[in-house]
Amino acid sequence: MFVGRQNELNELQEGYDSGTFQCVVLYGRRRIGKTYLISRFIEDKPAIFFTAQEVNDKLNLSHFTEKVLEFFKMGDSGIEFRDWDSAFKFLADKAKEQQFVLAFDEFPYACNANKGLRSILQNAIDHQFKDSKLFLILCGSHVAFMERSVLGSKSPLFGRRTMQLCLTGFDYLDAAQMLGGFSDEDKIRLYACVGGTPHYLAQVNPKLSFEENIKRLFFRSSGYLYSEPFMLLQQELREPAVYNSIISSVAAGATRLNDIVLKTGEEKTKASRYIKVLVDMKILERITPFGENESQSRKSIYQVSDFCYRFWYRFVFNNQAEIDAGIGGLLADKEVFGEALSSFIGKPAFEQICLQYMMRLNREQKLPFLATSFGRWWGNDSVRREETDLDLVMGDKAEKKLIVGECKWRNEAATKADIENWMGKDNLLPGYKDRYYVYFSKGGYTEGAQELAKQNVRLKLLKVEDLFQMGEKPLFE
C-alpha cells in the first residue's frame with residue numbers, strides 16, 4: 001500500500017515531464033521511504049536503479065556496469081567501464097537519444113569509496129549531462145553528508161541540483177492511513193509512540209490492541225523496535241555512547257544546553273558539538289519561542305524530533321536489562337501505560353499533532369488568514385507573574401493576525417473556566433490585534449464551555465475525532 005508522498009511524486013513527475021536534464025537530490029533517514037518513493041516513481045518509466053554498497057570503488061563500479069548494460073540489453077557485449085568518467089560518458093550519449101531515469105541510491109557509500117566521485121560527476125553534469133534527457137536521482141540516508149557534501153556550498157556538486165527533496169516522517173493523518181482498524185484515540189497514541197516512519201508503522205499489527213503492539217515492538221528483546229534507534233546510531237556515528245547519553249537526557253526533560261551538560265557530565269563545548277551532529281541528523285531539533293529571533297534567542301530548547309526515538313529513549317533505553325530478562329511486558333504495564341504515557345503523549349506529541357492539523361488547514365486556505373509563522377511560545381507572564389506557555393501559535397505579523405491554540409490530552413472535559421483562563425493570556429504576544437482561538441480537548445467539553453463557544457465566533461472547540469475529519473468548510477465561518 002502506497003501512502004502519502006503525493007506532493008513529492010507530483011514534483012518528480014513535473015521534473016520528468018520537462019524532458020530536460022534533471023538532477024534530483026533526495027535524502028532522509030533510514031526507513032523513511034526513499035527507496036519506496038523512487039520505486040513508485042519509476043514503475044512506469046525506463047529506469048536504472050543502482051544501489052551502492054559499503055565495498056571498494058572497483059566493486060561498486062563493476063555492479064554499476066552490470067546494471068547499466070542490463071538496462072540497455074547489452075549484457076553480453078563485453079563492455080567494462082574502466083572508470084566512472086567512461087560510465088557517465090556512455091550514459092550521456094544514450095540519454096541524448098532517449099529519456100530515462102538513473103537512480104543512484106546510497107550515493108554516500110560510493111563517495112566514501114571514491115573521494116573524487118563528486119568531482120567526476122560534477123564534470124559530467126557540466127559537460128555531458130546538461131544537454132541530455134537524463135533524469136538523475138542522487139539518494140542517500142546519511143542526512144548530514146547529503147546536506148554538507150552534496151548540497152553544501154563547498155561541495156563540487158553545489159548548484160548542480162535542479163530539485164532537492166528531504167523526506168521526513170508522515171504527519172499523523174498520513175500515518176493514520178496505515179493504522180486502519182484502530183480508534184482515533186489509538187491512532188494518536190500509536191503515532192506518538194511509533195512515530196511517522198512508514199517502515200515502523202508497517203510493523204503495527206491491526207489485530208492487536210495498542211498496548212499489545214507497544215509491548216510486542218518495544219518491550220521484547222525480539223521486538224522490531226527494541227534496539228532499532230541504537231543500531232541506526234551505531235551505523236552512522238563513531239561514539240554512540242555520548243550521543244546516547246545526550247538523546248536520553250533530552251528525552252527525560254533536559255531540554256536546555258546547561259541542563260544537558262549537567263545531566264550527562266560532558267564538557268559544554270563537547271556537548272554542543274555532539275548536539276549539532278544530532279540536529280544535522282534530524283534526531284534532535286532546536287526550537288525557539290514564537291516571535292523570537294532563532295539566532296539570538298536565549299530561550300531556545302532542544303527536543304527529540306522523532307517520536308519513535310523519543311519513546312525509545314524515554315521508556316526502553318534504561319530498561320533493557322529488564323526486557324532482556326523477559327519482564328518487559330510487566331514493566332510496561334507498571335511504568336508506562338497510565339499517567340506516564342498520558343503525560344508523554346500530551347507534551348509535545350499531541351501539541352505537534354494539533355499543529356499538523358492546523359498546518360493542513362492553512363495549506364488548504366481554511367483559516368481566516370494565511371499564517372506565515374508557526375510554533376509554540378513560552379516565557380514570563382508579567383501580568384500574572386509566572387512562567388507560562390502557549391501550546392500552539394500561528395500568525396501573520398504583517399497583518400497582525402494570530403491564532404492561539406491549547407492542547408489538552410486528558411480525560412476530564414474542559415470547562416468554561418479553563419477556556420476563559422486560557423483566553424485571558426492575550427497580553428503574552430502584544431502587537432497582534434486580530435485573534436482567533438482553537439481549543440483541542442481529548443476529554444471533550446462541559447455544557448458551559450460549549451455555550452461559551454456559541455457566543456464567540458472566534459473560538460472553536462475541537463475533539464480528537466475532529467482531527468480526522470478534514471471537511472470542506474473553513475474552520476471559522
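Structural remarks
- Listed by position, the strands (runs of 3 or more DSSP E) contained in segment 390-477 that have at least 3 residues being within 19 Å of residue 348 (Cα to Cα) are 401-408, 434-441.
- Among residues of segment 214-227 that are open to solvent by 10 Å² or more (accessible area, probe 1.4 Å), those with a Cβ under 6 angstrom from a residue that is of a type in the set (S, T, N, Q) and part of a loop (DSSP other than H, G, I, E, B), sequence gap 6+ or separate chain, pair up as 224/203.
- In the set 193, 139, only one residue is in contact with a strand residue (DSSP E or B) (Cβ under 6 Å, 6 or more places away or on another chain) and either in contact (Cβ under 8 Å) with a residue 24 or more places away in the chain or within 22 Å of residue 348 (Cβ to Cβ) (or both); that residue is 139.
- Residues located in segment 25-58, provided they are of a type in the set (A, V, I, L, M) and under 26 Å from residue 360 (Cα atoms): 25, 26, 32, 37, 38
- Qualifying residues in segment 348-383 (those that are farther than 15 Å from residue 424 by Cα and polar (S, T, N, Q)) - the one farthest from the chain's Cα centre (by Cα): 365
- Residues that are part of a helix (DSSP H, G or I), of a type in the set (Asp, Glu) and either at negative phi or open to solvent by less than 20 Å² (accessible area, probe 1.4 Å) (or both) are absent from segment 357-372 altogether.
- Hits in segment 296-307 - residues which are closer than 15 Å to residue 225 by Cβ and either in a strand (DSSP E or B) or open to solvent by 60 Å² or more (accessible area, probe 1.4 Å) (or both): 304
- Here the condition is being part of a strand (DSSP E or B), of a type in the set (Gly, Ala, Ser) and modelled with pLDDT of 95 or more; of 110, 103, 87, it holds for 103 alone.
- Residue match in segment 45-66 (condition: in a loop (DSSP other than H, G, I, E, B), open to solvent by less than 20 Å² (accessible area, probe 1.4 Å) and either at pLDDT 95 or above or within 30 Å of residue 30 (Cβ to Cβ) (or both)): yes
- Enumeration of residues in segment 384-425 that are more than 31 Å from the chain's Cα centre (by Cα), free of Cβ contacts under 8 Å to residues at least 40 places away in the same chain and within 23 Å of residue 359 (Cβ to Cβ): 423
- Taken over segment 419-465, the criterion of being among the charged types (D, E, K, R) and touching a helix residue (DSSP H, G or I) at 6+ places or on another chain (Cβ under 8 Å) is satisfied by 420, 435, 442, 451, 460, 465.
- Among the residues here, residue 232 does not qualify as within 29 Å of residue 204 (Cα to Cα), among the hydrophobic types (A, V, I, L, M, F, W, C), touching a residue at least 24 places away in the same chain (Cβ under 8 Å) and not in a helix (DSSP H, G or I).
- Taken over segment 31-44, the criterion of being buried (at least 17 other Cβ atoms within 10 Å of the Cβ) and among the charged types (D, E, K, R) is satisfied by 31, 34.
- Just one of the listed residues (293, 258, 318) is closer than 27 Å to residue 410 by Cα, polar (S, T, N, Q) and open to solvent by 30 Å² or more (accessible area, probe 1.4 Å), namely 318.
- Residue check, residue 338 at positive phi, modelled with pLDDT under 95 and open to solvent by less than 20 Å² (accessible area, probe 1.4 Å): no
Conditions tested, residue by residue: (1) in contact with an Asp or Glu (Cβ under 6 Å, 6 or more places away or on another chain); (2) open to solvent by less than 10 Å² (accessible area, probe 1.4 Å); (3) assigned to a loop (DSSP other than H, G, I, E, B).
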{"position": "124", "(1), (2), (3)": "no, yes, no"}
{"position": "179", "(1), (2), (3)": "no, yes, yes"}
{"position": "185", "(1), (2), (3)": "no, no, no"}
{"position": "189", "(1), (2), (3)": "no, no, no"}
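The values are calculated or read from the model by the stated rules, or taken from the named source; none is laboratory data. In this text the structure is predicted, and so the values were computed from the model without any measurement. All Cβ positions, glycine included, derive from the backbone under ideal geometry; neighbour counts span all protein chains shown. Each accessible area value is taken on the protein alone, full model and side chains, heavy atoms only, with ligands, DNA and RNA left out. Shrake-Rupley method; radii C 1.70, N 1.55, O 1.52, S 1.80 Å.
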